[in-house]
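Trainee: One structure, as structure tokens, below. Some questions next.
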Amino acid sequence: MKVLVVGASGLIGAGVADALSANHDVIRASRSSEVSVDLTKPESIAAMYSAVGKVDAVVSCAGKVTFKTVEDMSFDEYRDSVMDKALGQVELVRQGIDYVNDSGSFTLITGILGREAIQTGTAAALSNGALEAFTYTASIELPRAIRINAVSPTVLTEATGYHAYFPGFEPVTLAQVVSAYVKCVEGWSTGLVHKLG
Ligand SMILES: NC(=O)c1ccc[n+]([C@@H]2O[C@H](COP(=O)([O-])OP(=O)(O)OC[C@H]3O[C@@H](n4cnc5c(N)ncnc54)[C@H](OP(=O)(O)O)[C@@H]3O)[C@@H](O)[C@H]2O)c1
């Protein structure tokens, strides 16, 4: 399969791209990768697809949100968080339909903060919840048997900088998260949120 991995220079993205490279032709994209894309800019997504052409799977491991309490968040910070993590990935799907081959797939990233609360997590919750609802509903509309799923991990063992914000949360390993992505790309599910933790 030809697989486009967006966010391939990050912790999750590099793990996913490396694992999929064993059996697939993987194209790595991010703002700083050779295939450049900024998910916050629709014209940048269009340029990426135009450069890459048809693919069998689009995998997203990107998305940034602001972590602040509700009282400290501004309207602009909520808007920018949703624009980046939620609408950036929605746009990756919307524009990507024309580039994904029959029976291909999209795999998006959400996270545990859509279903469990931590202090400063509302922008993440908003984006993750929106993406999971989108995944479920888009799955019944995508043409040509194209599948769509989301991977929703808790904090990763390897993301040590975040552990203090997740007291009592049992981390999952990068290897477990990578396996969920492989299941989404090589398997048969659609409309599912693959929850880890
Ligand atoms: N780490 C965790 O414990 C954890 C747990 C649950 C969910 N998540 C979610 O998983 C996703 C990835 O997390 P991570 O820890 O792997 O993050 P990371 O190491 O910071 O990597 C983020 C990746 O996304 C790319 N990126 C950032 N902004 C982008 C943009 N606007 N357009 C295109 N690419 C962009 C980055 O590369 P460039 O800077 O080159 O663009 C990088 O490749 C996030 O949405 C995060 O919320 C993470």
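The values are calculated or read from the model by the stated rules, or taken from the named source; none is laboratory data. None of the values given here were measured: they were computed from a predicted structure. Here the Cβ is made from the backbone with ideal geometry for all residues, glycine too, and neighbour counts use every protein chain on show. Side chains included, ligands, DNA and RNA excluded: accessible areas come from the protein's heavy atoms. Shrake-Rupley method; radii C 1.70, N 1.55, O 1.52, S 1.80 Å.
Trainee: Among the residues of the stretch 43-58, is any near the ligand (Cβ under 8 Å from one of its atoms), under 23 Å from VAL3 (Cβ atoms) and not small (Gly, Ala, Ser)?
Mentor: no
Trainee: Follow-up. Out of ILE27, ILE97, which single residue is more than 15 Å from the ligand (Cβ to nearest atom), open to solvent by 20 Å² or more (accessible area, probe 1.4 Å) and either β-branched (Val, Ile, Thr) or touching a Ser or Thr at 6+ places or on another chain (Cβ under 6 Å) (or both)?
Mentor: Only one candidate passes the filter, namely ILE97.
Trainee: Would you call SER105 in a strand (DSSP E or B), under 18 Å from the mean Cα position of the chain (by Cα) and not hydrophobic (A, V, I, L, M, F, W, C)?
Mentor: Yes.
Trainee: Related question: Which members of the stretch 41-51 meet the condition of being open to solvent by less than 50 Å² (accessible area, probe 1.4 Å) and not hydrophobic (A, V, I, L, M, F, W, C)?
Mentor: Within the stretch 41-51, SER44, TYR49 meet the criteria.
Residue-wise test of (1) within 8 Å of the ligand (Cβ to nearest atom); (2) under 21 Å from HIS194 (Cα atoms).
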site: ARG31; (1), (2): yes, no
site: SER36; (1), (2): no, no
site: LYS68; (1), (2): no, no
site: TYR78; (1), (2): no, no
site: GLN89; (1), (2): no, yes
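Trainee: If a residue has to be buried (at least 16 other Cβ atoms within 10 Å of the Cβ) and more than 10 Å from the ligand (Cβ to nearest atom) to count, how many in the stretch 156-175 make the cut?
Mentor: Of the residues in that region, 0 qualify.
Trainee: Ok, one more. Under 9 Å between Cβ atoms, which residue pairs at least 6 apart in sequence (or on different chains) link something in the stretch 43-69 that is closer than 17 Å to GLY13 by Cα with a partner that is away from the ligand (no atom under 13 Å from the Cβ) and in a loop (DSSP other than H, G, I, E, B)?
Mentor: Partner pairs satisfying both residue conditions: ALA57/MET1; ALA57/HIS24; VAL58/TYR99.
Trainee: Shifting gears a bit: For the stretch 137-155, which residues satisfy the criterion of being hydrophobic (A, V, I, L, M, F, W, C) and within 16 Å of the ligand (Cβ to nearest atom)?
Mentor: Listed by number, the residues that qualify are ALA150, VAL151, VAL155.
Trainee: Inside the stretch 1-24, can you point out the residues that are near the ligand (Cβ under 10 Å from one of its atoms) and either farther than 16 Å from SER105 by Cβ or charged (D, E, K, R) (or both)?
Mentor: Passing the criteria: GLY7, ALA8, SER9, GLY10, LEU11, ILE12, GLY13, ALA14, GLY15.
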